[in-house]
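See below for the structure under consideration.
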Amino acid sequence: DTAVSQTPKYLVTQMGNDKSIKCEQNLGHDTMYWYKQDSKKFLKIMFSYNNKELIINETVPNRFSPKSPDKAHLNLHINSLELGDSAVYFCASSQDWASGYTDTQYFGPGTRLTVL
Amino acid sequence: AQKVTQAQTEISVVEKEDVTLDCVYETRDTTYYLFWYKQPPSGELVFLIRRNSFDEQNEISGRYSWNFQKSTSSFNFTITASQVVDSAVYFCALSEARIQGAQKLVFGQGTRLTINP
C-alpha cells in the first residue's frame, strides 16, 4: 500500500501555464507538507497544513497556492509557471501528537516539473 | 536560526569499505530532532533514522550506525561493509519546536555516495 502518493510523477509544460500537483496520504496523519528540491538537490520547505489549516508558508511566491480539501489531501496549484519553477516537488506527511512529540515526515515519490 | 551542514559533497568508495557521512548542525533550541534520509537514484526520499536532542545514545541498525554528539553538534552516519545498493544521496535534517502541529525540516546539502564494485 502506498503511504504518500503524488500525481503526476512527471509534468512538462510551457511557461505561463497553470498546473496542479496532487498529494494523498493514507497514514492517517494530521499534517502535510510541500517541499521543493532544486537542480542542485537542495530541499526546502514550502508549505505545511495541519488539519486543513495553513501553518507554514515559507516566503513562496503567491503564484503557488496550496489547497487542502481534507486532512488526507494536499494539492499544489501553480499559476503562470516560470522557468525557475522547474524542480522536483515532494509532498510529505507526519502525525501531530498533542503531547508535543515530533514525529517523522514521510515523503511521497516526488513530481518532476519541467517548464519549457 | 537552524542550519545543517554536510561538508562532503561527494564520496566514492569501493564496495565493502566502511564510509562515514558527516553532519554538523546549528540550533538555539534545547529540544530538537535530527534525521537522516536516503535518496536513491530512483528519486524517492527514504527515512532512515530520527534522534531527539535528549537521546545521545548511538544507534546501530544492521550495517548502518549513527553517532550523535551534542558537544560537537554532530550527527554522523556510518555504513559498514558498503554495498553497491548503498549508492544514493544522503540528507541530514534538523527540526526544532513544532509550530501548531507542524515541524519545519531544514536539510543539509546532501552527500552523494557512490559505491563502486
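The values are calculated or read from the model by the stated rules, or taken from the named source; none is laboratory data. All values reported here derive from a predicted model rather than from experimental measurement. Virtual Cβ from ideal backbone geometry, glycine too; neighbours counted across all protein chains shown. Side chains included, ligands, DNA and RNA excluded: accessible areas come from the protein's heavy atoms. Shrake-Rupley method; radii C 1.70, N 1.55, O 1.52, S 1.80 Å.
Annotations
- When we screen B:56, B:10 for residues that are surrounded by fewer than 16 Cβ atoms within 10 Å (Cβ to Cβ) and over 25 Å from residue B:116 (Cα atoms), the only hit is B:56.
- Candidates A:55, A:78, A:45: the one that is touching a residue at least 40 places away in the same chain (Cβ under 8 Å) and either more than 10 Å from the chain's Cα centre (by Cα) or at the interface with another protein chain (Cβ under 9 Å from one of its Cβ atoms) (or both) is A:78.
- Of the residues screened, residue B:97 is one that is hydrophobic (A, V, I, L, M, F, W, C), surrounded by fewer than 19 Cβ atoms within 10 Å (Cβ to Cβ) and within 16 Å of residue B:52 (Cα to Cα).
- Whether a residue is surrounded by fewer than 18 Cβ atoms within 10 Å (Cβ to Cβ), closer than 28 Å to residue B:40 by Cβ and charged (D, E, K, R) was assessed, and residue A:36 does not pass this test.
- The stretch A:1-41 - residue that is under 18 Å from residue B:42 (Cβ atoms) and basic (Lys, Arg) and, of those, farthest from the other protein chains (Cβ to nearest Cβ): A:9
- Among residues of the stretch B:76-94 being open to solvent by 10 Å² or more (accessible area, probe 1.4 Å) and of a type in the set (S, T, N, Q), the one that is farthest from residue B:1 (Cα to Cα) is B:83.
- Of the strands (runs of 3 or more DSSP E) lying entirely inside the stretch A:6-116, those containing at least 2 residues that are among the aromatic types (Phe, Trp, Tyr) are A:31-37, A:43-50, A:87-94.
- Residue B:79 vs. criteria modelled with pLDDT under 95, over 30 Å from residue A:57 (Cα atoms) and away from every other protein chain (no Cβ under 11 Å): no
- Scanning the stretch A:61-74 for residues that are in contact with a strand residue (DSSP E or B) (Cβ under 9 Å, 6 or more places away or on another chain), within 8 Å of chain B (Cβ to nearest Cβ) and open to solvent by less than 80 Å² (accessible area, probe 1.4 Å) turns up nothing.
- Of the residues screened, residue A:105 is one that is under 13 Å from the mean Cα position of the chain (by Cα), modelled with pLDDT under 95 and within 12 Å of chain B (Cβ to nearest Cβ).
- Restricting the stretch A:1-40 to residues that are basic (Lys, Arg) and at pLDDT 95 or above, the residue that is farthest from residue B:3 (Cα to Cα) is A:19.
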